[in-house]
Amino acid sequence: MSKARNKFSMLLLTVTGAALIAAGCSGGTSDGEKTPDEGKSSGSGKKTEILFWSPFSGSDGPFMKKIVDKYNGSQDQYKLNFVIQPNGEYYKQLDVALSTGKESPDLMIMHVDQVPTYASKDQLQPIDDLAAGAGINKADFAEAATDYSTLDGKWYSIPLDIHPLVMYYNKDLFEKAGIAAAPTNRTEFDDAVQKLTDKGNGVYGYAVPTLWPQQFIFPTLVWQNGGELWNGTDVAYNSPEAVEMVQWLRGMVDSGVSPANVQQDGENTLFLQGKNAIQFNGPWMKSQFEEAGLNFGVAPVPQIGKAKQAVFAGSHGFVVPKSVTDEKMTAGIGDFLKYVSTNSMDWAESGQALASKPMLESDAFKALEFQSSVASAFPYVQFAPNVLNWGTVSEPIWGELNNALLGKKDAQKALDDAVAKSQQALKK
Amino acid sequence: MKTTLTSRFTSFLFILPYLAAFSIFLLFPILYGVYISLHNFELLSKDYEFVGLANYINIFTPGTYINDIFFRGLWVTAQFVLFSVPLLIIVGLALAMLVNALPARIRGLFRTFYFLPYALSASVMAVIWLMMFDTNAGFLNSMLAKLGITGIPWLTDTPWAWISLILTTLWWTIGFNMIIFINALNEVPEDYYEAASIDGANAWHKFTKITLPSIRPVMLFIMITSTIASFNIYAQPFLLTRGGPGDTTKVLLINVLDQAFLRKEVGSASAMAIVMALIIIIISIVQFKLTSGRKGEA
């Protein structure tokens with residue numbers, strides 16, 4: 001009837017409904033219900049069907065589909081059924097599917113920083129045996145990703161790509177300001193953004209985002225400056241190192257290098273209009289800039305902090321739910337993953353830098369200028385702290401950082417407040 | 001009239017389809033929500049135990065995480081309700097009267113124009129208004145700059161963030177209230193106005209003495225549905241301000257959904273949702289009593 005009613009029942013339906021499905025099964029799910037795996041892989045002559053879930057609902061979906069199609073065409077034992085779930089809903093859908101065991105995936109893409117949470121909830125199976133059986137060598141992948149997804153000596157995720165924060169810059173504006181090369185350290189960066197700022201024409205050197213993608217930028221700067229987000233036992237993002245980096249960001253607003261009051265995506269809008277010379281964002285932005293016809297360059301994020309080079313990254317990997325036990329199924333999954341580890345150039349075409357070393361060292365990959373630049377940061381990439389429910393624990397940072405960057409709170413006070421809220425979230 | 005068993009049975013048959021749909025889609029989920037809220041229910045956890053009212057007690061125990069996010073969110077939502085409901089009623093009625101005063105030929109056209117945004121999805125609404133509101137590159141500020149007004153922080157400072165959220169809400173949802181008001185206005189008998197004109201009443205008198213009393217039941221309906229809708233505010237702050245600046249526009253539903261799907265603690269999230277529903281029900285009853293009481297006196 002009315003929107004009011006609809007929204008009201010939506011609220012109840014989402015919270016209660018999703019939980020309802022979860023409840024209906026978490027009580028009763030027994031091994032007996034898990035037999036559909038066998039049903040799918042009915043033996044003689046028929047192909048074993050493998051249900052493969054991914055969150056690639058953006059422009060990256062077709063690239064993964066191409067790999068799956070090629071694999072399905074390359075042999076006649078296994079058939080992968082490729083499913084794309086909406087990116088924003090992916091983990092909700094996954095939670096429900098895993099809880100009910102119905103239409104639950106046999107193989108799925110998972111962001112590496114989700115692995116600790118799902119492994120601790122006993123949802124994933126170690127893939128050491130599966131990899132060994134298929135001839136997949138752990139040493140053939142970027143260490144950052146395999147180390148992270150190895151918990152208590154067990155390996156849980158075969159990495160597909162690593163996507164660190166990168167620096168995009170407007171080549172036309174660089175030329176106009178007489179800057180020959182992309183900055184690589186704080187002095188060069190501070191100098192460049194001063195030169196690039198042209199108030200008369202409404203051009204800014206670096207528009208400071210106040211919301212997303214600070215989730216990538218803030219950790220990068222803190223680590224570079226020698227700080228930590230998590231000190232092993234507690235949240236630690238109110239350290240002097242962190243505060244100094246927030247002050248540095250806010251300083252650019254005060255000095256006019258950045259406009260004030262940048263809203264969600266505001267820095268990107270300005271970048272697309274040619275009025276923001278530099279932005280830090282993920283490799284996934286590449287296609288948007290190309291479509292806009294921007295003359296842009298890409299380079300690793302400069303070392304702004306005083307301690308070391310570091311950059312925050314995400315990573316897609318393949319994981320197998322604990323419920324998948326059928327031998328044919330696991331053999332098929334192994335076969336596909338072995339194929340992907342040496343045949344994933346299509347995925348690189350989507351703009352991603354691959355995590356497989358044989359692929360990284362191939363001439364075909366080296367010929368890709370953008371992706372190679374992204375991959376050059378692999379030796380020092382870092383992922384979110386390996387802490388259960390890190391997403392919720394760290395959530396208070398973003399609101400308080402927003403306060404600090406908008407100039408509503410002193411940097412130290414904002415980060416102290418964020419730490420206090422996070423500590424409360426840790427206690428429950 | 002005496003009701004026989006057969007007539008009772010036939011009337012029961014008539015409401016059966018609705019009853020079935022109501023039970024499956026509303027009653028059962030609500031009861032299940034109550035059940036879940038009494039357990040320490042976590043998504044992906046195999047076992048969960050009965051914890052009685054612990055989830056509810058947590059909400060009302062100062063110092064707990066749940067208490068903090070519930071009441072901080074509730075206060076933000078309450079502010080939104082206070083600002084938005086009067087405007088949703090006044091602007092809805094004003095638009096209805098305006099559209100009704102148009103010549104019949106173009107009336108339908110404008111009714112459609114004003115109703116159109118109501119049919120848009122939240123994400124489309126957000127894309128449009130992010131482009132409108134952008135401080136440094138948006139449409140509104142570019143227009144205002146020509147008048148010499150620069151740099152209004154539509155989404156990054158208070159009270160502007162509130163003004164923007166309410167503007168967006170009005171634009172997005174006012175069509176529904178307007179259509180209901182138009183129907184109500186059309187129900188008022190034309191002779192009342194004619195009689196009043198003969199007696200020398202001016203437009204203001206006609207509005208306050210005839211229009212308003214005649215549409216009072218519809219007014220009550222709009223007030224209650226608008227209040228419920230405003231309590232359930234989610235998409236506008238979630239997509240436009242992301243709860244900012246800081247967490248000044250982080251409404252209760254954002255916190256409830258975070259609790260359910262980010263923390264995966266569906267038990268306490270359900271308890272939060274149910275307390276929120278109870279608050280909405282109490283407020284609706286109070287509104288109903290107050291408004292219908294006044295009518296009785298008249």
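Tally up the residues in the range A:150-189 that are of a type outside the set (Phe, Trp, Tyr) and touching a strand residue (DSSP E or B) at 6+ places or on another chain (Cβ under 6 Å), please.
Step one: list which residues in the range A:150-189 are of a type outside the set (Phe, Trp, Tyr), which gives A:150-154, A:157-167, A:170-173, A:175-188.
If we keep only those that are touching a strand residue (DSSP E or B) at 6+ places or on another chain (Cβ under 6 Å) as well, we get A:157-167, A:170-171, A:173, A:182, A:185.
Residues that pass the stated criteria total 16.
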In the range A:190-207, anything in contact with a helix residue (DSSP H, G or I) (Cβ under 6 Å, 6 or more places away or on another chain) and assigned to a loop (DSSP other than H, G, I, E, B) is listed as A:Ala207
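Only one residue in A:Leu173, A:Leu160 is in a strand (DSSP E or B), touching a residue at least 40 places away in the same chain (Cβ under 8 Å), surrounded by 22 or more Cβ atoms within 10 Å (Cβ to Cβ) and of a type outside the set (Phe, Trp, Tyr), so which one is that?
Exactly one of A:Leu173, A:Leu160 is in a strand (DSSP E or B), touching a residue at least 40 places away in the same chain (Cβ under 8 Å), surrounded by 22 or more Cβ atoms within 10 Å (Cβ to Cβ) and of a type outside the set (Phe, Trp, Tyr), namely A:Leu160.
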Tell me, please, whether a residue that is within 17 Å of A:Ala260 (Cβ to Cβ) and away from every other protein chain (no Cβ under 11 Å) can be found in the range B:131-145. yes
Scanning the range A:289-322 for residues that are within 14 Å of chain B (Cβ to nearest Cβ) and either in contact with a Pro (Cβ under 8 Å, 6 or more places away or on another chain) or assigned to a loop (DSSP other than H, G, I, E, B) (or both) gives A:Ala292, A:Pro321, A:Lys322
Being aromatic (Phe, Trp, Tyr) and either surrounded by 14 or more Cβ atoms within 10 Å (Cβ to Cβ) or touching a Gly at 6+ places or on another chain (Cβ under 9 Å) (or both) narrows it down to one residue among B:Phe181, B:Phe139; which is it? B:Phe181
So how many residues does the range A:258-288 have that are within 13 Å of chain B (Cβ to nearest Cβ) and assigned to a loop (DSSP other than H, G, I, E, B)? 11
Could you tell me how many of the residues in the range B:105-136 are without any contact (Cβ under 8 Å) to a residue 24 or more places away in the chain, surrounded by 13 or more Cβ atoms within 10 Å (Cβ to Cβ) and of a type in the set (Ser, Thr, Tyr)? 1
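Go over the candidates B:Leu44, B:Leu88, B:Leu116, B:Leu93 one by one and state the one that is assigned to a loop (DSSP other than H, G, I, E, B), over 30 Å from A:Pro259 (Cβ atoms) and of a type in the set (A, V, I, L, M, F, W, C).
On the way: B:Leu88 fails: assigned to a loop (DSSP other than H, G, I, E, B); B:Leu116 fails: assigned to a loop (DSSP other than H, G, I, E, B); B:Leu93 fails: assigned to a loop (DSSP other than H, G, I, E, B).
Within the list B:Leu44, B:Leu88, B:Leu116, B:Leu93, the selection yields B:Leu44.
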Is it the case, given these coordinates, that A:Leu406 is in contact (Cβ under 8 Å) with a residue 24 or more places away in the chain, among the hydrophobic types (A, V, I, L, M, F, W, C), farther than 20 Å from A:Tyr148 by Cβ and in contact with a Gly (Cβ under 9 Å, 6 or more places away or on another chain)? yes
Checked the range B:56-79 for anything within 12 Å of another protein chain (Cβ to nearest Cβ), part of a helix (DSSP H, G or I) and over 25 Å from the mean Cα position of the chain (by Cα); matches are B:Asn58, B:Tyr65
Being assigned to a helix (DSSP H, G or I) and either charged (D, E, K, R) or on the phi < 0 side of the Ramachandran plot (or both) is the requirement here; does B:Ile180 meet it? yes
In the range B:10-45, which residue that is more than 7 Å from every other protein chain (Cβ to nearest Cβ), closer than 27 Å to A:Thr117 by Cα and of a type in the set (S, T, N, Q) is surrounded by the fewest Cβ atoms within 10 Å (Cβ to Cβ)? B:Asn40
Just to be sure before I move on: is B:Phe83 more than 10 Å from chain A (Cβ to nearest Cβ) and within 26 Å of B:Leu240 (Cβ to Cβ) in the structure I sent? yes
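State yes or no: is B:Leu98 more than 19 Å from B:Ser164 (Cβ to Cβ), part of a helix (DSSP H, G or I) and at pLDDT 95 or above? Before you say what the answer is, go through the steps one by one.
Details: more than 19 Å from B:Ser164 (Cβ to Cβ): yes; part of a helix (DSSP H, G or I): yes; at pLDDT 95 or above: no.
Against the criterion (more than 19 Å from B:Ser164 (Cβ to Cβ), part of a helix (DSSP H, G or I) and at pLDDT 95 or above), B:Leu98 does not qualify.
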Quick one: would you say B:Ile228 is in a helix (DSSP H, G or I), surrounded by 18 or more Cβ atoms within 10 Å (Cβ to Cβ) and of a type in the set (A, V, I, L, M, F, W, C)? yes
In the set A:Pro62, A:Pro55, the lone residue that is over 29 Å from B:Ala260 (Cβ atoms) and more than 14 Å from chain B (Cβ to nearest Cβ) is A:Pro62
Picking from B:Ile128, B:Ile166, B:Ile152, the residue that is in a loop (DSSP other than H, G, I, E, B) and out of contact with any Gly (no Cβ under 8 Å at 6 or more places or on another chain) would be B:Ile152
Number of the condition not met by B:Ala271 [criteria: (1) free of Cβ contacts under 8 Å to residues at least 12 places away in the same chain; (2) more than 8 Å from every other protein chain (Cβ to nearest Cβ)]: (1)
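Looking at A:Val301, A:Val320, A:Val311, which is the one that is over 29 Å from A:Glu241 (Cβ atoms), at pLDDT 95 or above and either of a type in the set (S, T, N, Q) or within 22 Å of the chain's Cα centre (by Cα) (or both)?
Working: A:Val301 fails: over 29 Å from A:Glu241 (Cβ atoms); A:Val311 fails: over 29 Å from A:Glu241 (Cβ atoms).
Answer to the selection: A:Val320.
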Looking only at the range B:2-41, which residues are outside any helix (DSSP H, G or I) and either touching a Pro at 6+ places or on another chain (Cβ under 9 Å) or touching a residue at least 12 places away in the same chain (Cβ under 8 Å) (or both)? B:Leu38, B:His39, B:Asn40, B:Phe41
Sort through B:Ser37, B:Ser23, B:Ser84, B:Ser11 and tell me the only one that's hydroxyl-bearing (Ser, Thr, Tyr) and over 28 Å from the mean Cα position of the chain (by Cα). B:Ser11
Of the numbered conditions (1) assigned to a strand (DSSP E or B); (2) in the same structural domain as A:Phe271 (by TED's automatic domain parsing), A:Thr187 satisfies every one except a single condition; which is it? (1)
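The values are calculated or read from the model by the stated rules, or taken from the named source; none is laboratory data. Just so it is clear, the model here is predicted, and its values are computed rather than measured. Glycine also receives a Cβ, built like all others from the backbone with ideal geometry; neighbour counts cover every protein chain displayed.
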